[in-house]
Amino acid sequence: MNRRVVITGIGMVTPLGIGVEENWQRMLKGESGVGYITLFDASTFPTKIAAEIKDFDFRKYFPNDGKIEFAGRNTQFAILAADMAFKDAKLDRYAFDPRRFGIYLGSGEGKQDFFNFVKIIGDSWNGSAVSTATFLELGKNIFGPIKEQEQEPNMAAAHLAQIFRAYGPNTNCLTACAASSQALGEAAELVRLGKADIMISGGTHSMIHPLGITGFNLLTALSTSNEEPRKASRPFDRKRNGFILGEGAGILILEELNHALKRGAHIYGEIGGYGTTADAYRLTDAHPEGRGAIAAMKMALRKSGHKIEDIGYINAHGTSTVVNDKIETLAIKEVFKELAYQMPISSVKSMLGHLIAAAGAVELIICLLVIRDGIIPPTINYENPDPECDLDYVPNAARKKQVDVALSNSFGFGGQNITLIVKRFSS
């Protein structure tokens, strides 16, 4: 069985706004969502900037939903983006078999109660060590079981299944920066193989907290260009010095083609190919020759049936780290040969920051909008050419171009590589 998989609904929540169109218009203007961190006091951290969703209040959108009282920001982002996508697809949750309706997310961990955790450790110190008995007693009084449960990465998918009556497959993967792209690829495979007719898929994440910033600072992965926040994310630029941590969610409705046609659904595009590989090299570094990235792109092209000359746009992983941007450029050259120099490539992380597990889903939505509107968003802050990154990164200004087939890359810590290809729908 090899059924066709189309996209009939989209929704996103990012540092540039709530909703697809607000995000899209701000991206086309080259606006940035990066600023100083307000979610906690980061004044003593090497990195003091991030791409936050400012003044986010879930109750503004769902004022009477007590079920998510203790849900983390990641789950709230996912619920809001999924509600947008579900409504955009014009689905009626009572009009189809809920057992053929599933969830596949790439979701990160939930809210970390960092400050209470640190306080309990301090209060449990007996002068030479932490007393585990005291820690347990204090923890029982301060931590709640529901709050603790909501930290688990699978909870966003669990909430969505309950809200939308999705009784079919329910899965979450957390393959770092590749998570939501992998979720979309695997969700498409479930539909293609007849395991489901409709899937809610995508990703959500929020790591803008002390543990998240500390971890990436220790990896020397974050930019420390605190003086000019909006210019700190600069993919492929010679003066790039790390990525900007962002947060948000991107959710898509994947549907079997005939199921979508029977109900007269609007179709944004079709999933053309899915490539998934592992570098198996180092836990945090990509292979210096880009072998995993190359293999993922070639696999997606092979599965899609497209030739390299069919691709009209590449949405790059483009994190703004020295190593990633160089290796991705090398990999694109290896796959596309001389055509690489004619290929428009852009990184919306220059505006959104890096949404980690949610990044790939948001970026696939961007590919669909490029196909829809015939305009490519820019890579902003590209000011200093790098001889090792010498392709066309659509610098600083959006560009009109009809695109029928787009390719999106997502490469995660640990060496996970995902490439997705989407194309204009044609019967």
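The values are calculated or read from the model by the stated rules, or taken from the named source; none is laboratory data. Keep in mind that this is a model prediction, so the values were computed, not measured. Quick reminder, even Gly has a Cβ in these numbers, built from the backbone with ideal geometry, and neighbours come from all protein chains shown.
Overview of values
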read-out: Residues being over 18 Å from K326 (Cβ atoms) and modelled with pLDDT under 95 - total across region 219-256; value: 0
read-out: Residue satisfying all of: in region 313-361; under 16 Å from the mean Cα position of the chain (by Cα) and at positive phi; surrounded by the fewest Cβ atoms within 10 Å (Cβ to Cβ) among these; value: S320
read-out: Test result for V5, under 17 Å from the mean Cα position of the chain (by Cα) and buried (at least 21 other Cβ atoms within 10 Å of the Cβ); value: no
read-out: Among the residues listed as D310, D285, the single one being surrounded by fewer than 23 Cβ atoms within 10 Å (Cβ to Cβ), in the same structural domain as Y104 (by TED's automatic domain parsing) and at pLDDT below 95; value: D285
read-out: Some residue of region 406-420 being without any contact (Cβ under 8 Å) to a residue 40 or more places away in the chain and not in a loop (DSSP other than H, G, I, E, B); value: no
read-out: Search result, residues across region 1-25 that are on the phi < 0 side of the Ramachandran plot, touching a strand residue (DSSP E or B) at 6+ places or on another chain (Cβ under 8 Å) and assigned to a loop (DSSP other than H, G, I, E, B); value: R3, R4, P15
read-out: Matching residues in region 285-327 - criterion: being in contact (Cβ under 8 Å) with a residue 12 or more places away in the chain and farther than 27 Å from S233 by Cβ; value: A295, K298, M299, L301, R302, K303, S304, G305, H306, I308, E309, D310
read-out: Boolean, A265 is in contact (Cβ under 8 Å) with a residue 60 or more places away in the chain, assigned by TED's automatic domain parsing to the domain that holds G102 and part of a helix (DSSP H, G or I); value: no
read-out: Criterion (out of contact with any helix residue (DSSP H, G or I) (no Cβ under 8 Å at 6 or more places or on another chain) and of a type in the set (K, R)) met by exactly one of R234, R238; value: R238
read-out: Elements of type helices (runs of 4 or more DSSP H) contained in region 147-224, each with 3 or more residues being not hydrophobic (A, V, I, L, M, F, W, C); value: 179-192, 210-218
read-out: Which listed residue, of F58, F77, is crowded, with 22+ Cβ neighbours inside 10 Å and within 22 Å of the chain's Cα centre (by Cα); value: F77
read-out: Failed condition for S131, given (1) outside the structural domain of D92 (by TED's automatic domain parsing); (2) surrounded by fewer than 17 Cβ atoms within 10 Å (Cβ to Cβ); (3) out of contact with any strand residue (DSSP E or B) (no Cβ under 9 Å at 6 or more places or on another chain); value: (3)
read-out: Tally of residues being in a loop (DSSP other than H, G, I, E, B) and surrounded by fewer than 18 Cβ atoms within 10 Å (Cβ to Cβ) across region 288-305; value: 3
read-out: Cβ-Cβ under 7 Å pairs, at least 6 apart or on other chains, region 1-30 side closer than 22 Å to K60 by Cβ and modelled with pLDDT of 95 or more, far side among the basic types (K, R) and surrounded by fewer than 22 Cβ atoms within 10 Å (Cβ to Cβ); value: L16/R26; G17/R26
read-out: Scope region 224-242; condition surrounded by 24 or more Cβ atoms within 10 Å (Cβ to Cβ) and within 29 Å of A78 (Cα to Cα); matching residues; value: A232, S233, R234, P235, G242
